[in-house]
Amino acid sequence: MSGVARTLIPVGLLAGGIFFARQAAARGTPQPPAPQAADVLIVNGLVVDGTGAPARRADVAIRGDRIVALAANLPRASAKRVIDAQGRIVAPGFIDLHAHLEPLLDMPLMESALRQGVTFALGGPDGGSPLPLKPYMDSVRTAKPGINVGYLVGHNDVRRAVLGMAARAPNDAELARMKRLVAEAMGQGAFGLSTGLLYLPGTYSNVEEVIALSQTAADSGGIYTSHLRKEGIGLLDGVGEALEIGRRAKIPVVLTHHKAVGQQMWGKSVVTLAMVDSARKAGTDVMIDQYPYTATHTNLGVLVPSWAMAGGDAEFRKRLQDAALKDSIVKGIIFNILNDRGGGDLARVQFSRVSWDTSLEGKTLKDWAARRNLAPTPENGATLVLDAMLKGGANAIYHVLDEGDVRRIMQSPHTMIASDGRLSRPGDGHPHPRAYGTFPRVLGEYVREQKLLALETAVHKMTQMPAQRLRLAHRGVLRVGAAADVVVFDAATVKDQATFTEPHQYPRGIETVLVNGTVAVDGGKATGVRAGRVLSRP
């Protein structure tokens with residue numbers, strides 16, 4: 001458009017966007033001041049704004065760290081940089097509600113997340129977080145992260161600080177101290193409390209302890225995220241416990257990386273999703289997050305009965321010196337190989353990180369048995385697991401999920417997308433491919449190829465839904481005034497390239513990423529600029 005009579009000016013907000021009216025110069029309406037130049041103008045793109053609304057043609061103008069205009073045919077001439085998004089999708093930067101950020105200080109660019117289009121990641125999941133939180137958050141600020149980050153306070157670390165590895169309930173004084181630690185972390189900006197009730201020492205807690213700590217987090221407006229106590233046999237009890245915690249503590253809940261582990265539980269997502277729907281109808285604010293793969297990832301110790309680890313490594317070694325206790329431990333490992341994370345087959349357990357023998361990384365428990373000239377039986381698998389634990393443990397990928405459950409959970413209107421991925425860089429270990437591919441995989445495999453989700457729905461699950469769960473009002477959406485976290489991608493080519501055999505591969509189709517208005521990915525490559533911030537709970 002050209003000429004004074006056809007100049008468009010913003011006059012108000014309507015349905016989350018800008019409503020424009022033509023200037024009525026002939027009626028003597030005062031002319032507004034000339035708009036400031038945009039630092040970045042993204043033109044010709046198809047905007048998927050994060051709300052779930054239909055895609056629409058619009059340009060996006062950014063000044064500083066905010067979106068200042070969103071409309072068709074914005075003036076190009078005054079913009080400092082114009083990005084042509086012709087044939088591309090323009091969406092809010094993706095929000096990873098479950099991220100393992102432990103290597104951040106060593107990998108401040110956070111490229112494995114950034115190049116997926118992630119512009120905010122929430123750390124401290126599964127009950128594990130920095131403690132105390134403030135000094136660590138300060139160190140992250142000093143490091144200048146590549147994307148925005150925030151943290152939960154981890155129940156396991158709170159419990160360890162007070163009770164060590166004791167397998168008992170806290171007394172009143174100990175519980176009060178634990179509550180103070182949670183309250184301090186919340187005061188320092190934590191978004192809520194996370195638990196890993198499958199892991200040590202959180203597994204030694206009872207529901208009353210977790211409810212008490214969750215109430216403390218709720219008092220500060222926090223959320224509760226839970227790696228359930230059981231995700232295989234016992235899954236329904238695990239979901240029920242999380243729902244009870246949410247109901248009694250009156251705290252918003254996220255069933256994190258929700259799944260059904262092991263063939264005996266495949267299909268049980270029908271029941272767990274019904275439990276979520278029922279709880280929501282009864283007033284419990286519960287949601288789900290999920291990664292789009294049929295394999296889990298965690299430490300090898302999940303195959304060992306938790307009672308055997310009470311008191312720490314020294315006590316574990318002592319128990320192995322007792323023939324009767326060792327026999328019980330071995331039987332427990334065999335049970336877990338057959339019925340839980342082992343998937344009934346040593347080939348389903350794939351090593352990801354083995355500090356004492358890196359040649360095992362990428363190999364399976366079955367491969368290790370063959371190397372030792374052992375038959376791939378559960379009994380021999382148990383022997384190898386004990387050997388590994390005595391050498392310091394290991395991390396592994398467990399191929400124990402069913403695609404039907406993955407699809408069913410993803411389609412739930414209460415499910416958000418989250419990676420559960422650990423920050424990674426090429427050549428470092430053999431990570432789960434989710435570290436590089438979660439968000440592009442949803443867009444390429446489940447939107448374009450399988451057509452399981454509409455594009456707008458998938459983007460909503462990656463942006464506004466998690467932003468609302470965290471009460472981040474100005475992120476997760478494209479609208480005037482929102483933070484300029486933006487991703488531009490090609491819906492026709494976007495795809496995860498990381499695999500279980502070759503995990504260190506960045507995705508394709510994620511072409512441009514802006515973090516707080518700064519171009520951090522350009523032409524599909526990281527610019528090296530670190531524009532992220534440490535965000536605190538609003």
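The values are calculated or read from the model by the stated rules, or taken from the named source; none is laboratory data. Note that the structure is predicted; figures quoted are calculated from it, not measured. Glycine gets a Cβ as well: all are built from the backbone with ideal geometry, and neighbour counts include every protein chain shown. Just so you know, the surface numbers come from the protein's heavy atoms only, side chains and all, with ligands and any DNA or RNA stripped out. Shrake-Rupley method; radii C 1.70, N 1.55, O 1.52, S 1.80 Å.
Want the number for ARG471 to LYS281: 0.36 nm per residue separation, take away the alpha-carbon distance, what's left?
Result for the pair: 66.2 nm of gain on full extension.
With the crude spin-label approximation of a point 7 Å out along Cα→Cβ, what separation in nm comes out for TRP307 versus SER359?
3.9
Put VAL519, VAL459 in order of accessible area, largest first, 1.4 Å probe: what do you get?
Final ranking, largest accessible area leading: VAL519, VAL459.
Note down the nm distance, to one decimal, between modelled labels 7 Å out along Cα→Cβ at LYS134 and at LYS326.
Modelled inter-label distance: 5.0 nm.
With everything on Cα atoms, drop me the angle between helix 269-281 and the longest principal axis of the chain, reported from 0 to 90° to the nearest 10.
It works out to around 60 degrees.
Tilt of helix 235-249 relative to the longest C-alpha principal axis of the chain, in degrees (0 to 90, nearest 10)?
Result, in degrees: 60.
Measure off 7 Å from each Cα along the Cα-to-Cβ vector at ASP428 and LEU374, then give the distance between these two points in nanometres to one decimal.
Spacing of the two 7 Å Cα→Cβ label points: 3.1 nm.
Please work out the FRET efficiency for the pair GLU208 and GLU315, using the Cβ-Cβ distance as r and a Förster radius of 30 Å; give the result to the nearest 0.05.
Given R0 = 30 Å and the Cβ-Cβ separation, E is 0.75.
Rounded to the nearest 0.05, what FRET efficiency is calculated for ASN299 and ARG57 with R0 set to 41 Å and r the Cβ-Cβ distance?
0.25
After finding the eigenvalues of the alpha carbon gyration tensor for the chain, what semi-axes result from the square roots of 5 times each, listed largest first in whole Å?
Working from the Cα gyration tensor, I get semi-axes of 45, 25, 20 Å.
Can you give the FRET efficiency for ASP219 and ASN73, using 1/(1 + (r/R0)^6), R0 = 35 Å, r = Cβ-Cβ distance, to the nearest 0.05?
The calculated FRET efficiency here is 0.10.
Once each part is reduced to its C-alpha centroid, what is the distance from region 510-534 to region 254-285 in angstrom?
36
When the helices in the chain are scored as -39500 (n - 2.57) per DSSP H run of 4 or longer and the sum is shared across all residues, what 222 nm value do you end up with, to the nearest 500 deg cm²/dmol?
Value at 222 nm, helices only, nearest 500: -8500 deg cm²/dmol.
Straight-line reach from LYS230: which aspartates and glutamates have a Cα under 12 Å away, not including same-chain ones fewer than 8 places off?
Output for LYS230: GLU241, ASP340.
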